[in-house]
1. Any aspartates and glutamates with Cα under 12 Å of the Lys89 Cα? List them, leaving off those in the same chain fewer than 8 positions away.
2. Convert 37 °C to kelvin, take the viscosity as 0.692 mPa s, use the Kirkwood radius over C-alpha pairs of the chain as Rh, and evaluate the Stokes-Einstein diffusion coefficient in µm²/s, rounded to a whole number.
3. Tell me which aspartates and glutamates have Cα within less than 15 Å of Lys240's Cα, excluding those fewer than 8 residues away on the same chain?
4. Of the cross-linked pairs Lys137/Lys235; Lys166/Lys212; Lys146/Lys197, which ones have a Cα-Cα span greater than 23 Å in the structure shown?
5. Checking the cross-link filter: which lysines have an alpha carbon closer than 18 Å to that of Lys26, excluding same-chain neighbours under 8 positions apart?
6. Please arrange Met206, Met83 by counting, for each residue, the other beta carbons lying within 10 Å of its beta carbon, fewest first.
7. What is the antiparallel percent of DSSP beta bridges lying wholly in the chain, to the nearest 5?
8. Toward the positive end of the charge dipole of the chain, about the Cα centre and with charges on Cβ (Lys, Arg +1; Asp, Glu -1), which of Ile141, Val250, Ile216 goes farthest?
Amino acid sequence: MDFFKPLETSVSQSPKTQPVDSEKVKCLIIGSGPAGYTAAIYAARANLSPVLYEGLQPGGQLTTTNDVENFPGYPEGITGPEMMADLRKQAERFGADIRFGLVTEADFSGSEHKVLLDGGKELVAESVIIATGATAKYLGIESETKYAGSGVSACATCDGFFYRGKDVAVVGGGDTACEESIYLAGLCNKVYLIVRKNFLRASKVMQERVLKTPNIEVLFEHNTLELQGDGVVEKAILIKRKGEQDESIVEIAIDGFFLAIGHTPNSTPFKPYVNTDEQGYIVTEAPTSKTNVPGVFACGDVMDPIYRQAITAAGSGCKAAIDAERYLAERKI
């Protein structure tokens, strides 16, 4: 789910919509989830009086995850929604002002950073932490939504453990799909790699690893039509294309269906001001969370095209808050 509505400003323009009212804040955090909430915890403890706007999906993607077993501190595991509720409460305990609202426009052209919310309110912030995450790309079939959290996942590293000894399918043909297939092959009985084209787009080395893994079966020229099952995924209905006019229906029995066709970083309103890579991920000055705009920082999946884990997002949220605190302290000198 996207965090933002479409951006309508350009670099040389301030937000076009006339704000109903304006509020000045010291530290604005845009986005919730592990990165945003952790940034709020650290910023609040540093007396930055952070204001956090949660977006359309308070808690982020983790609220769609049933069980989280790989986050330190939860030996028995915890559900995604429960974890996000805990992080939110912890941030509020230290004084973070957490609000529901959507960013519609941004203007980072001046020394103070302006953000416009739905409803017309303008926020003028001394520092901004962008923690808006990334949205997994889906195939667009109805059954993906139906079985979300009940067999459908966009993260093999997060959820693969639950499918030990079972049969699963991965959709995609790039490096990510190959990496996730190999990872799952070490846990699962059988992995079907469903590839739309008649070749893999992955690097040569990844292709070789996939093809040499005995329990991975690559299904070239297959598209997923539907997922079926009684409450959970039990099988996938595929269409195999042998030619333009030659098609056949294929059915595979699976317990898990993993999407590996990419993510879309939720960075759209900031692109006129902050540097992004070709995919739209915000570029930071490693090892910090600093963007090219002084006083604007980024953390979590919106700047991480590699790991996309709750623990790495939380760690980057910590870094962003510390960087913001240091930036604000230096401005006073």
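Computed from the coordinates by the stated procedures, all read-outs in this text should not be read as laboratory data. The shown structure was predicted, so the numbers you read here are calculated from the model rather than taken from an experiment. Here the Cβ is made from the backbone with ideal geometry for all residues, glycine too, and neighbour counts use every protein chain on show.
1. Asp97
2. Values: Rh = 21.1 Å.
Taking Rh from Cα pairs, D becomes 156 µm²/s.
3. Of all the aspartates and glutamates, those that pass the test against Lys240 - Cα under 15 Å, at least 8 places apart if same chain - are Glu217, Glu221, Glu226, Glu251.
4. Numbers: Lys137/Lys235 21 Å; Lys166/Lys212 20 Å; Lys146/Lys197 26 Å.
From the list (Lys137/Lys235; Lys166/Lys212; Lys146/Lys197), the Cα-Cα distance tops 23 Å for Lys146/Lys197.
5. Filter leaves Lys114, Lys121, Lys290, Lys319, Lys332.
6. Working: Met206 19, Met83 22.
Result, fewest neighbours first: Met206, Met83.
7. Working: 28 of 61 bridges.
Close to 45 percent.
8. It is Ile216.
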